[in-house]
Each structure stands twice: as structure tokens, then as C-alpha cells.
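Student: Here it is, the structure, as C-alpha cells.
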């Protein structure tokens, strides 16, 4: 009877912690985490997270790669930086969560349909194409990324807000604002993508 | 105290949309306190809080790099921005590029594609930090001709204006990250009454409030409740996204929680414009607030601030 040895256990990736320390922005200081929980206690939206930052960092050490990269923790960070300024070990908690989110999206761990990923893609579409954020187009593109029906539902739900923005002149109408040297910007970003892929 | 200081100016995308009233009022008040702005030619988006997810880290930093390269063409002067997200990304990016040779080299390989280059030496600052450290609150107070007497202000700083950089050397050590005082100092300089406000640096939900309000309405509600209980006439903030979120979601919060919030949310620079005796529309841009700041507007148009 050796029940323990036949249990199905989650896969632990023993290289994961080292990968995070080396490849995630701010990860080099993560080994200094002493699990005090100042980060999780400071989080304005922690109650909605699968795990607070403290627990997530312990899971990184334990090699729970899948659970970490699939957790909704990464998608609930509002970038308020309270955890980061309060960390007694000077760990860039917010930077780490943000970069883990980026890697989760790039490596295909983010759950399908994650709102943040859709929004980030809509946002980036405007930033890279025009060199500027067109708030109106980003919002519309984000809404309709869910399909026509859900897009209209979201648009209608926010109609009053949109009307207020139009009335006060805060929603830009007409052609999107664009930078002049879009060709130059596109060349810079293409090269930057190429450099990123060499990393 | 007539010294004029010139800065290279990075307006940011929201200055042309949802936060036009921040830029309009800033451009009105800053010359009065000796701050002259020279806008970066053909500046681009900073990437905000999601650029690294949509476009990856290196391209996202290249956005900042391009804007800094264009800023450098204006000379070695400090770069200043009024937007919290632009400040976070561009200040943080500039420090990273300055500190790390590899990052700088890589960035310049990308910039070369558009015949640009960046040496890494610019300092990027927030307008509020410049107002505190270079201008000084006394000089702001000295410009006040229409003190906002009796106006109760809940000073809502939000996050990224002070976090993570307000307490660092690069950030000019201009205030605390949890309990900053600069916004209340601005209100007081304008003759208004800053209220004790414990949610001063609570988060409004930022871009998550935009993409999925359901996740963040409770955060905004907490901020509004304290302002209501303190009997604030309005909320003042330096952050474009805080201004928009806390203002535009009041109706949704009222629907969901059965409340009746209708609290104006203005920029500190709009308060200054009115206190400096400027026009309600042209300079204070009060017509751009979707919840009209009625009491403040009355002070502006009638010039009755003094009589109260």
C-alpha cells in the first residue's frame, strides 16, 4: 500500500522558477521574497484573484508553471503599484505580474477569450498602426472582438457614457489622429519585434 | 519670482480625447507660474498599461524610445507630461534605457530604421512634480485672484502619478506614495478647503474599469462614498483615467447599488484656472466635465469666489 506514489500529481516544472528569475522583468529579485504578504494585503482587487501575489510567488518557486501562467491573478492586476512600493524586499511585484501576463499571452497560456488580452490587442492595433491611441476605435474594436451580438450589447450598455463624451467634445470624431512618420514607426516596431524574437 | 523655465512637452493621446480638459487647463495655467512648454514633434503613444501584452516588451519600449528620440531633438531640457500613464511608461522607460547598456543598444538598433537615435540622458517628469519642486506652491498661491472660498475638495491622487516613482530620486522625491499631500496643497493654494480623504491613493480600476466595469465598480464606489460622506463639492484629480472612470461610471454604480451619486470630478488644473481668474470655458474647460461642477462654475463666471 503505497498510495502516495500512485496519486496523480500536478506537473512540477523544476526549471520554472529559474526561468522566471532570468526572463521576467524584475524577476532577478524574486528569490528575496520572504512571503510576508504585504503585497497581497495591499492589493485593491486581490479578492478577485485566484491567488494573491504572495501565493503566486510561492507557486513559482514550487514550479507550478501551468497554474501560475493560467491564473487570473495576472489579469486582475490594475497596475496600482501599491504592492511594489510596500515590498520590504524591494521586489518589483507589479512589474513581475505585468510581464508574466505578457508572457502568458505570448506563450498561449492565457485562457481563451480573456478580456485583458482582447483589450490589449485592440489597444496595440491603434498604437502601432496610427502611433496614437484612438479611444473610440480601441473601445469599438474591443467590444466587437467578442462577436457582433456581444459587441452591440456592450456598445448599447455604454451608449449614455459615449453620448456624454460626444456632448463634451471628449470623443474624437472624424478620421483617427495619426503621427506623420507612420512608415518610420512601423519600421522601428518591426525591428523591435525581430529583436524580441532573438531573445 | 518671475523666472521662466522651459520644458519639452509630451501631451499623450488622452489630451486629444477623453482628457482634453486637462491639457486645455494646463496650457492656460502653466505660463502663469513660469512654465513654458515646447511640444515634441510627432510624438507617439506611450503603450499605457497594456502595450506590453498587445505588442510584447521590446516593441512596447520602442514606443517610448521613439518619443524620447524625438524629444532629444528638442535639446537636453527635461521632458514633462501631465498624464499618469505617460509618466509611468516614459519615466520608467527612460530610467531603464539610461541604466542598461544592452537595452539602450538594442533600442537604437530599432530606432535606426527610422534614422533616429536616443542617447539615454533625458529626464522625464510629471507636471505635478515640476509644480512642487520647480515652481513651488507659494508661486501658485501668488497667482490666485479668485480664491475658491468654501469649496470643499476631495483630493483624489490615484496611483501612477505617485507610484512607484514619487519617492525616488529620479522621481524628484516630490511626495509620499501612500499619503501624498501635493494635491491638497494645490487646493489650499487655490483658496479651497481640502478635506481629509483616506481613499486619496486608492485605485479606480484603471484600464480594467474600461474593459470590464463589473470587476471594478466596487472600487470606484468606495471612493465616491467617502467623498459623499465628507460632503465634498467635487473630487479633484491629476490623472486622466481616474477623472474619466470616477465620473463616467457613477450612473452604472447608481443602477447597480441603488445609490444617487452625482459628484463632479475635475482636474486640479481646472481648479487653478478658475482660481487664477480665468474663464470657465476657454481656459478652465469646465464644459468638458460630463457631471457639471456647478459650484466651481458659479465661482468662475460670477467671480463671486471672493464674496463668499
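The values are calculated or read from the model by the stated rules, or taken from the named source; none is laboratory data. Worth saying up front: this structure is predicted, and the values here are computed from it rather than measured. Note: ideal-geometry Cβ built from the backbone for every residue, glycine included; neighbour counts use all protein chains shown.
Student: Give the residue that is nearest to residue A:72 (Cα to Cα), with candidates limited to residues of region A:108-118 that are in contact with a helix residue (DSSP H, G or I) (Cβ under 7 Å, 6 or more places away or on another chain) and either away from chain B (no Cβ under 11 Å) or part of a helix (DSSP H, G or I) (or both).
Tutor: Filtering first and then ranking leaves A:111.
Student: Also, I was wondering about something else. Any chance region B:154-166 includes a residue that's crowded, with 17+ Cβ neighbours inside 10 Å and more than 14 Å from chain A (Cβ to nearest Cβ)?
Tutor: yes
Student: Checking the structure you have, find out if any residue of region B:2-17 is on the phi > 0 side of the Ramachandran plot and under 13 Å from the mean Cα position of the chain (by Cα).
Tutor: yes
Student: Looking for whichever is under 18 Å from the mean Cα position of the chain (by Cα), more than 9 Å from every other protein chain (Cβ to nearest Cβ), touching a residue at least 12 places away in the same chain (Cβ under 8 Å) and not in a helix (DSSP H, G or I) here; the options are B:37, B:26, B:22, B:30. Which one fits?
Tutor: B:37
Student: Let me ask something additional. Scanning region B:48-71 for residues that are farther than 20 Å from residue B:117 by Cβ and without any contact (Cβ under 8 Å) to a residue 60 or more places away in the chain, which turns out surrounded by the most Cβ atoms within 10 Å (Cβ to Cβ)?
Tutor: Among them, the one singled out is B:53.
Student: Looking at residue B:90 and the list (1) farther than 30 Å from residue A:76 by Cβ; (2) more than 12 Å from chain A (Cβ to nearest Cβ); (3) touching a residue at least 12 places away in the same chain (Cβ under 8 Å); (4) assigned to a helix (DSSP H, G or I), which single condition is not satisfied?
Tutor: Status for residue B:90: all satisfied but (1).
Student: Anything in region A:114-153 that is surrounded by fewer than 16 Cβ atoms within 10 Å (Cβ to Cβ) and without any contact (Cβ under 8 Å) to a residue 24 or more places away in the chain? List them, or say none.
Tutor: Of everything in region A:114-153, those that are surrounded by fewer than 16 Cβ atoms within 10 Å (Cβ to Cβ) and without any contact (Cβ under 8 Å) to a residue 24 or more places away in the chain turn out to be A:147, A:148, A:149, A:150, A:152, A:153.
Student: Oh, and also: Restricting to region A:42-92, give me the number of residues that are more than 24 Å from residue B:84 (Cβ to Cβ) and part of a helix (DSSP H, G or I).
Tutor: So the count comes out to 16.
Student: Could you list, in sequence order, the residues of region B:214-248 that are farther than 17 Å from residue A:80 by Cβ and touching a helix residue (DSSP H, G or I) at 6+ places or on another chain (Cβ under 8 Å)?
Tutor: B:224, B:233, B:234, B:235, B:236, B:248
Student: Regarding region B:187-207, can at least one residue be identified that is within 29 Å of residue A:50 (Cα to Cα), free of Cβ contacts under 8 Å to residues at least 12 places away in the same chain and assigned to a helix (DSSP H, G or I)?
Tutor: no
Student: Separate question: Spot the failing condition for residue B:121; the list is (1) assigned to a loop (DSSP other than H, G, I, E, B); (2) closer than 30 Å to residue A:182 by Cα; (3) within 12 Å of another protein chain (Cβ to nearest Cβ), and only one is missed.
Tutor: Among (1) assigned to a loop (DSSP other than H, G, I, E, B); (2) closer than 30 Å to residue A:182 by Cα; (3) within 12 Å of another protein chain (Cβ to nearest Cβ), the lone unmet condition for residue B:121 is (3).
Student: Quick check on my filter: what residues within region A:185-199 are within 7 Å of chain B (Cβ to nearest Cβ) and without any contact (Cβ under 8 Å) to a residue 40 or more places away in the chain?
Tutor: Listed by number, the residues that qualify are A:187, A:188, A:191, A:192, A:193, A:195, A:196.
Student: While we're on this one: Residue B:181 passes all but one of (1) surrounded by fewer than 24 Cβ atoms within 10 Å (Cβ to Cβ); (2) touching a residue at least 40 places away in the same chain (Cβ under 8 Å); which number fails?
Tutor: (2)
Student: Now for a separate question. Please work out which one of (1) part of a loop (DSSP other than H, G, I, E, B); (2) modelled with pLDDT of 95 or more is the condition residue A:173 fails and give its number.
Tutor: The number of the failed condition is (2).
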